[in-house]
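Single-structure report; data block below.
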Amino acid sequence: MKQLKKWMLGATTAACAMYAAGSAQAVEIEYWQYFFEPRVKAMETLIENFEKANPDITVKMTHFPYADYRTKVAAAIPAGQGPDVVQLFYGWLNDYVNAQLIQPLPNDVFPPAEIEAEFFPMVQAMKRGDQYMALPTAVRSLALFYNKRLFDKAGIDGPPKTLDELVETAKKLTQTDGAGNLSTVGITTGMNAQDHHWFREVLVRQFGGDPYMDNYKKVNYNTDAGKAALKYYSDLEFTHKVTAAGFMDEPQAAFKAGRAGMHIDGSFRIGALNKVRGLKWGVAELPAAADGTQSNYSSYWVNGITSKATDEKYDAAVKFMKYVTSDEAMQVWLDTVGELPAKPSAAMTDANANHEVYGPFIKGLGYAKTTIFANESGQRQALMDMVGRMRLESQSAEDSLAQAAGEEQKILDDYYN
C-alpha cells in the first residue's frame, strides 16, 4: 500500500511537472488583417484548424477598417506591439521592408526553389535577395460581374465579349429618373476601386500599348495607346453617359444594390455578393479588344512575419505561416472568400476552370499582368486625380494623361533613384 501511494505521488508529481512544462511552452501570437467579412471568416476557420493541430499555440486575430489599417500597423510594430504575423497587399511590400516592419521567411522552411516551383510566378515579386519576405494564400484576377435580372429586363442575351459590345450593352442597361438623373448605371466606374488596374494593365494593352517599361520603373502610357485607353474609359461617363464616378459612393455598393448592370471587380468580391439576398448575378471574362486582344490584372495579399516576432513567438509565427500557405488553407480560402489558390496545381483544375463563377477568373490568370508598384496608393491616386481633373476642371484627356504620367514617374524616380 505504501508502495502504491508512493507511486501515485510520484506519478502526480510527474504529471504536474509535465503540465507546468507544457504551460511554460504555450505561446500566443497575434495576427492582423483589415476587415473584410469573408476574409475574417476564412481566417477564423484557419486559426481554429491550426490551433487544433498545435494546441500549444494560440492565435489572436485583430482587424481594422481598411482606411485605418496601414497606419495602425506602422505605429504598432516599431513600438513592439501589434501583430506577429501581418497581412499586407503585395504592392506595399517595399514600404514594409524599408520600414523594417517585416523580416525574411527562413529558407529552411520556405526554400526559394520550392516556392518558385509551386506558386504562380507573380509571387516572385515577394523575393528580396535570396529570401522571400512574404507569401500569399490566394491570388486574384479581374472579371466582369453582371446583373442577370437587369440583363433579362433589357432583353440582353448575355455579357459583352468586346469593348464595343460593352458600350452598347451599358447603354441598354442605363436608366434615369424623371429629372434625367442616373438611377441605374450601365456599368460602374471609379479609379478608387479596380479601374486603375483595368486602365493600366488591360485597356492600355488592348489599345496597343505597354503601360510601363524597364521592369515597371518607367511610365509608358502617355502615348497614343494611353490616349485611346483614357478616351474609351472617360467616354463611358462624359460621352455615352452610362455611368458616373461616385454613383452610390462605391462601385461595388451600386452593384450590390441592384443599381448597376455591370461591374468590374476581383474574385475577392464573390463571397460578399453571395450573401446579398435577391441579387442574381453572373461572371464573364473581361471584354476583349476589337482585334481579340485579351488582358487582365492579377494581384494578391500576402502574410509576413513582423520584426516584432522573436524567440518562441517567431517559431510559432513560422508554423502559422507554413499552415496558411498550405493547400488545405488555400481551399478554405477559395470556398469562403472566392479568391483563387496561389498554387497552379490547386487553382488550375478542370473543375475550377469550368466553374461558372471561378472559371472566368481562372482563365483571366492565364493572360494577366501584375503591376510592380513602388507606392501603390500614390500611383492609384495619380489616376484618380487624372479623371477628377477632367470632371471637375474640364481638363482635356490628353493634358490630364500627361500630368498623371509625370506624377507617377516622379513617384517611381523618388523610390528607385
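The values are calculated or read from the model by the stated rules, or taken from the named source; none is laboratory data. Treat the numbers as computed from the prediction; the structure is a model and nothing was measured. Virtual Cβ from ideal backbone geometry, glycine too; neighbours counted across all protein chains shown. Ligands, DNA and RNA are stripped out before the accessible areas are found, and what is left, the full protein with its side chains, is counted by its heavy atoms. Shrake-Rupley method; radii C 1.70, N 1.55, O 1.52, S 1.80 Å.
Expressed as a whole percent, the accessible area of segment 283-417 that falls on carbon and sulfur atoms is 47 (1.4 Å probe). Between helix 66-76 and the chain, what is the angle of the helix's C-alpha long axis to the longest principal axis, kept within 0 to 90° and rounded to the nearest 10? Tilt relative to the chain: about 40 degrees. Can you tell me which of G292, G282, G261 moves the most in a GNM of the chain? Springs connect C-alpha atoms under 10 Å apart. Sorting by GNM fluctuation, first place goes to G292.
By the equivalent-ellipsoid construction on the alpha carbon gyration tensor, segment 213-289 comes out with semi-axes of 29, 17, 11 Å, ordered largest to smallest. Taking only the alpha-carbon positions of segment 265-417 and ignoring solvent, what does the Debye formula give for the base-10 log of I(q)/I(0) at q = 0.08, 0.19 Å⁻¹? Scattering profile of segment 265-417, log10 relative to I(0): -0.37, -1.20. Calculated [222 nm] ellipticity per residue, helices only, for the chain: -13500 deg cm²/dmol; basis is -39500 (n - 2.57) per DSSP H run with n ≥ 4, divided by all residues, nearest 500. What pairs in K161/K369; K153/K275; K127/K319; K72/K217; K161/K280 have C-alpha atoms more than 25 Å from each other? Violating the 25 Å limit, Cα to Cα: K72/K217. Listed values for segment 294-307 are Karplus-derived 3J(HN,Hα) couplings in whole Hz (6.51 cos²θ - 1.76 cosθ + 1.60, θ = phi - 60°), namely 10, 8, 7, 10, 10, 8, 6, 9, 10, 10, x, 8, 6, 5, and x replaces Gly and Pro.
In whole percent, and with a 1.4 Å probe on the protein chains, what portion of the accessible area of segment 135-277 is carbon and sulfur? For segment 135-277, the apolar C and S fraction of the accessible surface comes to 44 percent. For segment 33-111, the alpha carbon positions stretch 35, 34, 24 Å along the principal axes, listed from largest to smallest. Provide, for q = 0.11, 0.17, 0.24 Å⁻¹, the log10 of I(q)/I(0) from a solvent-free Debye sum over equal Cα point scatterers in segment 73-164. Summing over Cα pairs of segment 73-164 leads to -0.52, -0.79, -1.29.
For segment 178-183, the Karplus equation 6.51 cos²θ - 1.76 cosθ + 1.60, evaluated at θ = phi - 60°, returns couplings of x, 8, x, 7, 5, 10 Hz by residue, with Gly and Pro reported as x. One decimal place: the segment E250-L392 gains 49.3 nm when fully extended, by the rule 0.36 nm per residue minus the C-alpha distance.
Summed over all non-identical Cα pairs, the Kirkwood treatment of segment 111-176 gives a radius of 15.6 Å.
What whole-number value in Å² describes the accessible area per residue of segment 136-187 for a 1.4 Å probe?
On the way: 2300 Å² over 52 residues.
Result: 44 Å² of accessible area for each residue.
In this structure the amide hydrogen of T137, modeled in the peptide plane, comes within under 5 Å of the amide hydrogens of N303, none closer than 5 places in sequence on its chain.
Highest mobility in the GNM of the chain, judged by mean-square fluctuation with C-alpha springs under 10 Å and restricted to G258, G246, G226, is found for G246. Amide hydrogen proximity for M61: with H placed 1.01 Å from N in the peptide plane, the residues at 5 or more positions away or on another chain lying under 5 Å are Y31. Loop-located GluC sites (Glu not before Pro) in segment 299-405 (DSSP state not H, G, I, E or B) with no more than 15 neighbouring Cβ atoms inside 10 Å: E356, E393.
For the chain, the normalised intensity computed at q = 0.11 Å⁻¹ comes to -0.86 (log10 of I(q)/I(0), Debye sum over alpha carbons, equal scatterers, no solvent).
For T310 and H355, FRET efficiency with R0 = 56 Å and r from the beta-carbon atoms, rounded to 0.05?
E between H355 and T310, to the nearest 0.05, is 0.85.
The string of couplings for segment 401-417 from the Karplus curve (6.51, -1.76, 1.60, θ = phi - 60°) is 4, 4, 5, 4, 4, x, 5, 5, 4, 4, 4, 5, 5, 5, 7, 8, 9 Hz, one whole number per residue in order, with x for Gly and Pro. Counted residue by residue at 0.36 nm each, then reduced by the alpha carbon distance between them, the extension gain from K231 to D335 reaches 33.6 nm. Can you give me the angle between helix 376-392 and the longest principal axis of the chain, using Cα atoms only, in degrees from 0 to 90, rounded to the nearest 10? Roughly 30 degrees between the two axes.
Amide H to amide H distances under 5 Å link Y132 with L105, where only residues 5 or more positions off or on other chains count and H is placed in the peptide plane.
For the chain, the longest stretch holding no trypsin sites (Lys or Arg not before Pro) located in a DSSP loop with at most 11 other Cβ atoms within 10 Å is which?
Details: sites that count: K275, R277.
The reported range is 1-274.
Under a Gaussian network description of the chain, with springs only between Cα atoms under 10 Å, the residue in D327, D335, D130 that fluctuates furthest is D130.
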